[in-house]
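Engineer: Let me give you the structure first, and then I'll get to my questions.
The values are calculated or read from the model by the stated rules, or taken from the named source; none is laboratory data. Note that this is a predicted model, so its numbers are computed, not measured. Reconstructed Cβ throughout: ideal geometry from the backbone, glycine too, with neighbour counts over all protein chains shown. When the accessible area is computed, the model is the full protein with side chains, heavy atoms only, and any ligands, DNA or RNA have been set aside. Shrake-Rupley method; radii C 1.70, N 1.55, O 1.52, S 1.80 Å.
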Amino acid sequence: MALCVKINNIKTKNSYSIESFYKAIKDKHFSAGVPSLTKYGAASVITFPAIDSQNQVWIMKNGLSAESHKFSIQKSYEAGLDNIEKIIYPDSENHSSFGFDSIINDNAKKCEHLVDITAKELLKLNL
């Protein structure tokens, strides 16, 4: 899985929970699209529209405390409660796109580029 993820870390001036960080950025323009607060398992992540089921830009809080100055912007698979089963129990008919091609195709490269751009756009907001 490590090959499938591109991560950029940023540090904010202010301390945020994932929910308060989402509120701070939800109305801002991003090259990756409009951010959403997405429930994924027991956690919430900020996501941008998925390019495909294997390529989506996520923002996650770093650290264990409820509030943090550090966030990770990363390339990952499509988040959402409906997608957990596809990740945990892939099968050849419906969910087999987790092969090597999914980490080197054009959509993967586009998503990696959007991770870099999103990190820069967040830093410019001076939050």
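Engineer: For segment 8-21, which positions are open to solvent by 50 Å² or more (accessible area, probe 1.4 Å) and within 19 Å of ILE117 (Cβ to Cβ)?
Structural biologist: Within segment 8-21, ASN9, LYS11 qualify.
Engineer: Let me ask something additional. Kindly list, by first and then second residue, each pair from a residue in segment 64-80 that is among the acidic types (Asp, Glu) to a residue that is surrounded by fewer than 23 Cβ atoms within 10 Å (Cβ to Cβ) and not in a strand (DSSP E or B), limited to pairs with Cβ atoms under 6 Å and residues at least 6 apart or on different chains.
Structural biologist: So the pair list comes out as GLU67/SER17; GLU78/ALA50; GLU78/SER53.
Engineer: Which ones in segment 22-44 are assigned to a loop (DSSP other than H, G, I, E, B) and open to solvent by less than 80 Å² (accessible area, probe 1.4 Å)?
Structural biologist: Taking segment 22-44 as the starting set, the residues that turn out to be assigned to a loop (DSSP other than H, G, I, E, B) are 26-35, 41-42.
Of everything in segment 22-44, those that are assigned to a loop (DSSP other than H, G, I, E, B) and open to solvent by less than 80 Å² (accessible area, probe 1.4 Å) turn out to be PHE30, SER31, ALA32, GLY33, PRO35, GLY41.
Engineer: When both residues are 6+ apart or on different chains and their Cβ atoms are under 6 Å apart, which pairs have a first residue that lies in segment 24-53 and is free of Cβ contacts under 8 Å to residues at least 24 places away in the same chain, and a second that is among the hydroxyl-bearing types (Ser, Thr, Tyr) and assigned to a helix (DSSP H, G or I)?
Structural biologist: Filtered contacts from segment 24-53: LEU37/TYR22.
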